[in-house]
Amino acid sequence: MIHFVLLIVCAVAIYLSCEWFVNAVEWLGERLNVGKTAVGTILAAFGTALPESVVTLVAVTTGATDEAKNIGVGAAMGGPLALATVAYGVTGAMLLLKRRRERAAVLVGAGGPGPDPAPSNGEALGDAKDMKRLAKDQKWFLPIFVVKVSLGLVAFAFKPALGVLFFAAYAVYFWREIRSSRADDDAEDEEELEPLKLQPKAASPATWAVAVQTLAALVVIFFAAHFFVKQLDVIGPMLGLSATVTALLLSPVATELPEIMNAVIWVRQGKTRLALANISGSMMIQATVPSGIGLIFTRWHFDGALLWSGLITTAAIVYLLLTMRAHKLTPARLAVATGFYVVFAVGLIPILG
């Protein structure tokens with residue numbers, strides 16, 4: 001029973017620390033003169049994905065056996081899967097719920113939707129320009145991820161050296177994202193930021209306060225998320241789930257919980273663009289940095305379960321990309337992404353059986 005209680009405590013701690021993190025990272029973007037989109041794709045994504053990359057590095061460099069090192073490989077594959085399916089799906093569900101509440105508020109006379117209302121079920125998440133911007137990260141992610149999966153199916157002497165190319169790919173993405181984000185945001189109205197929680201009465205908080213709140217929130221997120229995963233490792237067998245199933249099904253969702261919480265908070269605040277940018281930016285990090293680490297320090301060889309996760313992730317991204325390019329990405333269609341994770345879970349039964 002204590003493990004279930006600790007699981008809930010960790011989830012609450014992650015959510016509350018994410019509240020402080022998204023508040024601080026928006027001010028950090030303003031201080032660094034970073035475009036609004038890059039706050040999600042670069043700053044927020046880098047902050048929440050970096051701890052997971054460190055864990056992957058530790059697993060593959062200190063693992064005494066190939067099996068221990070493969071934990072890092074599994075994490076490098078599980079992260080993109082959870083983001084492409086569960087994270088996007090939860091964001092879509094939150095948008096649907098937000099719109100339903102706004103409609104209910106209108107009906108009872110409690111006031112209409114705010115200045116940035118959630119799209120309705122059949123309303124696309126933005127115009128053609130917004131769809132192009134959303135599709136951009138998926139276009140970056142898909143070829144990199146396909147190469148990443150393909151390398152797990154072959155063996156050759158210089159494969160570890162290719163890990164450097166994944167780091168280079170993220171460096172190019174980082175540079176282009178910063179440049180294009182500033183250009184896009186120059187033509188848009190500046191949005192007033194909420195007061196920094198650490199200095200709620202300051203119209204313009206001190207830079208040191210922004211940095212302290214950002215780092216403190218990240219520390220709490222890091223430890224709470226990994227303690228959350230440890231509780232799942234105990235609870236899984238208690239529910240009759242094998243260690244393998246727990247590692248492949250539950251742990252990836254748990255490790256991506258900060259990104260999911262960030263998206264929930266930003267959707268609640270009416271900042272859909274930041275919510276989606278945080279997920280897509282995190283996916284780019286997960287597709288490159290942990291992969292580069294894994295290629296350098298492990299054999300990077302996939303079994304059936306890892307290959308299946310790669311196929312489902314690819315299918316989910318192709319679905320999202322086609323929907324975005326057709327300008328038909330709605331909250332309902334975004335929520336459908338969760339179904340790919342269900343397909344993954346069902347497909348694991350014969351693979352692990």
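The values are calculated or read from the model by the stated rules, or taken from the named source; none is laboratory data. In this text the structure is predicted, and so the values were computed from the model without any measurement. Virtual Cβ from ideal backbone geometry, glycine too; neighbours counted across all protein chains shown.
For the residues 11, 68, the requirement of being of a type outside the set (Lys, Arg), in a helix (DSSP H, G or I), over 17 Å from residue 253 (Cα atoms) and at pLDDT below 90 singles out 68.
Residues considered: 12, 60. Of these, the only one that is free of Cβ contacts under 8 Å to residues at least 24 places away in the same chain and among the β-branched types (Val, Ile, Thr) is 12.
Which of the residues belonging to the stretch 87-105 are of a type in the set (A, V, I, L, M, F, W, C), under 16 Å from the mean Cα position of the chain (by Cα) and surrounded by fewer than 23 Cβ atoms within 10 Å (Cβ to Cβ)? If you could, list the steps in order and put the result at the bottom.
In the first step, residues of the stretch 87-105 are kept if they are of a type in the set (A, V, I, L, M, F, W, C); the result is 87, 90, 93-97, 104-105.
Remaining after also requiring under 16 Å from the mean Cα position of the chain (by Cα): 87, 90, 93-94.
Passing the criteria: only 93.
The residue that is modelled with the lowest pLDDT, among those in the stretch 181-201 that are surrounded by fewer than 16 Cβ atoms within 10 Å (Cβ to Cβ) and outside any loop (DSSP other than H, G, I, E, B), is 186.
Here is a yes/no grid of residues against (1) closer than 20 Å to residue 339 by Cα; (2) touching a helix residue (DSSP H, G or I) at 6+ places or on another chain (Cβ under 7 Å):
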position: 281; (1), (2): no, yes
position: 294; (1), (2): no, yes
position: 297; (1), (2): no, yes
position: 311; (1), (2): yes, no
position: 317; (1), (2): yes, yes
position: 324; (1), (2): yes, yes
position: 327; (1), (2): no, yes
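Restricted to the stretch 1-41, and to residues there that are among the aromatic types (Phe, Trp, Tyr) and under 20 Å from residue 203 (Cα atoms), the residue that is surrounded by the most Cβ atoms within 10 Å (Cβ to Cβ) is 21.
Hey, any hits in the stretch 113-136 for a residue that's loosely packed, with under 15 Cβ neighbours inside 10 Å, within 13 Å of residue 320 (Cβ to Cβ) and either at pLDDT 75 or above or hydrophobic (A, V, I, L, M, F, W, C) (or both)? Within the stretch 113-136 (the criterion being loosely packed, with under 15 Cβ neighbours inside 10 Å, within 13 Å of residue 320 (Cβ to Cβ) and either at pLDDT 75 or above or hydrophobic (A, V, I, L, M, F, W, C) (or both)), the answer is no, since none of the residues qualifies. Within the stretch 207-222, residues that are without any contact (Cβ under 8 Å) to a residue 24 or more places away in the chain reach partners that are not in a helix (DSSP H, G or I) with beta carbons closer than 7 Å, at six or more positions or on different chains, in the pairs 209/196; 209/198; 209/199; 212/198.
Being surrounded by 19 or more Cβ atoms within 10 Å (Cβ to Cβ) and part of a helix (DSSP H, G or I) is the filter here; which residues of the stretch 322-332 pass it? I'd like the intermediate steps shown before the answer.
Within the stretch 322-332, the first condition is being surrounded by 19 or more Cβ atoms within 10 Å (Cβ to Cβ), and the residues that meet it are 323-324, 329-331.
323, 324, 331, listed by residue number.
Given the condition surrounded by fewer than 24 Cβ atoms within 10 Å (Cβ to Cβ) and either in contact with a Ser or Thr (Cβ under 6 Å, 6 or more places away or on another chain) or not hydrophobic (A, V, I, L, M, F, W, C) (or both), answer yes or no: does some residue in the stretch 274-288 qualify? No, the stretch 274-288 contains no residue that is surrounded by fewer than 24 Cβ atoms within 10 Å (Cβ to Cβ) and either in contact with a Ser or Thr (Cβ under 6 Å, 6 or more places away or on another chain) or not hydrophobic (A, V, I, L, M, F, W, C) (or both). Against the numbered list (1) closer than 27 Å to residue 69 by Cβ; (2) aliphatic (A, V, I, L, M); (3) modelled with pLDDT of 90 or more, residue 263 comes up short only at (1).
For the residues 317, 296, the requirement of being surrounded by fewer than 22 Cβ atoms within 10 Å (Cβ to Cβ) and more than 26 Å from residue 231 (Cβ to Cβ) singles out 296.
Inspection of the stretch 257-272 identifies no residue that is in contact with a Pro (Cβ under 7 Å, 6 or more places away or on another chain), assigned to a helix (DSSP H, G or I), buried (at least 24 other Cβ atoms within 10 Å of the Cβ) and touching a residue at least 40 places away in the same chain (Cβ under 8 Å). Of everything listed in (1) surrounded by fewer than 24 Cβ atoms within 10 Å (Cβ to Cβ); (2) touching a residue at least 40 places away in the same chain (Cβ under 8 Å); (3) part of a helix (DSSP H, G or I); (4) not aromatic (Phe, Trp, Tyr), the single unmet condition for residue 250 is (2).
For the stretch 137-152, give me each residue that is assigned to a helix (DSSP H, G or I), touching a residue at least 24 places away in the same chain (Cβ under 8 Å) and more than 17 Å from residue 330 (Cα to Cα). Those that are assigned to a helix (DSSP H, G or I), touching a residue at least 24 places away in the same chain (Cβ under 8 Å) and more than 17 Å from residue 330 (Cα to Cα): 137, 139, 140, 141, 142, 144, 145, 146, 148, 149, 151.
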